[in-house]
Amino acid sequence: MKLFYAAGASSLAPHILLREAGLPFALEKVDLMTKRWSGGDFNATNPKSYVPVLQMEDGDTFTECAVILQFVADLRPERGLMPAPGLRSRYQALEWLNFIGMEIHKNFITPERHGGVSANFLSKTAEGQQATRVRVAPRLAYVDEALRGRDYLMGSSFTAPDAYLFTMLTWARRLDLDLSPWRTLSDYSERIASRPSVREALAVEGPPHSLRP
């Protein structure tokens, strides 16, 4: 398998989960501004023009973060990264993946245009970043409340939604969104950050580009 990623992008979530699953995979870094990777035009790989993309050995691809996370988790069911199909908890985990994708992830995305190009990027302006903080804060407050008494979103064990949520929390920190008012969420972020899979993924990807000079 091959994961197309950009440092600091939502592709960090499947990168973490691939390591949690112990699956063999290769990484291909994408320049989201130029839409180029080592093999040429990234749009030829994904016409949607964004990461993550998970490419199979036969060339087949998956392109949506929540779906990639489910697929990776199901490749190693013994790791418990998603509840088994048919269990009620499976649908609770899917509910989290959908909430993170639609209510948190999409509210981080700026309507601003960078260099005349519409892109799935965090805002680069002070005004845009403040607007993002206003949109995202109530969603994070909801998660903080839901995490009370839990180590992870699904209870006592790390699952695919945790990889996605942690990635969104790295975006919050890039926008200087103070997590301290949500003590449970802040502690959760530190707990996830200490996992070997997370440390390894962050070290390999390196720092994301700066948002403002």
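No lab work stands behind these numbers, since they all come straight from the coordinates. Model, not experiment: these values are computed from the prediction. Reconstructed Cβ throughout: ideal geometry from the backbone, glycine too, with neighbour counts over all protein chains shown.
Remark: the stretch 46-60, residue by residue, has Karplus-estimated 3J(HN,Hα) of 9, x, 6, 6, 9, 9, x, 10, 10, 10, 7, 4, 8, x, 5 Hz, where x stands for each Gly or Pro and the curve is 6.51 cos²θ - 1.76 cosθ + 1.60 at θ = phi - 60°. FRET efficiency for the S49 to S186 pair, using the beta carbon distance and R₀ = 25 Å, is estimated at 0.15. Amide H to amide H, with H built 1.01 Å from N, S11 comes under 5 Å of A6, counting only residues 5 or more places away or on other chains. Subtracting the Cα-Cα distance of A146 and E95 from 0.36 nm times their residue separation leaves 17.1 nm of extension gain.
Of the residues I192, I16, the one with the fewest other Cβ atoms within 10 Å heads the list, and the complete ranking is I192, I16.
When M82, M56, M168 are sorted by how many other C-beta atoms sit within 10 angstrom of their C-beta, beginning with the fewest, the order is M56, M168, M82. Diagonalising the gyration tensor over the Cα atoms of the stretch 20-63 and scaling each eigenvalue by 5 before taking the square root yields semi-axes of 19, 12, 10 Å, largest first. Ranking Q55, S210, S38 by Cα position along the charge dipole of the chain, where only Lys, Arg, Asp and Glu carry charges on their C-beta atoms, puts S210 farthest toward the positive end.
Our note on the geometry: Cα centres of the stretch 19-88 and the stretch 148-208, 20 Å apart. Dimensions of the chain along the principal axes, based on C-alpha atoms and rounded to the nearest Å, stand at 45, 45, 28, largest first. The orientation-averaged projected area of the convex hull spanned by the Cα atoms of the stretch 154-213 comes to 4.7 nm².
What's the whole-number percent of alpha carbon pairs in the stretch 82-195 lying beyond 25 angstrom? Of all Cα-Cα distances in the stretch 82-195, 25 percent exceed 25 Å. Placing +1 on the Cβ of every Lys and Arg and -1 on the Cβ of every Asp and Glu, with nothing else charged, gives the chain a dipole about its Cα centre of roughly 360 debye.
Less than 5 angstrom separates the built amide H of F121 from those of T110, all sequence-distant by 5 or more or on a different chain. Taking the empirical scaling 2.2 N^0.38 Å for compact globular proteins as reference, the stretch 2-78 has a Cα radius of gyration ratio of 1.03. When only Cα pairs below 8 angstrom with a gap of at least 6 residues are kept, the stretch 76-164 shows a relative contact order of 33 percent.
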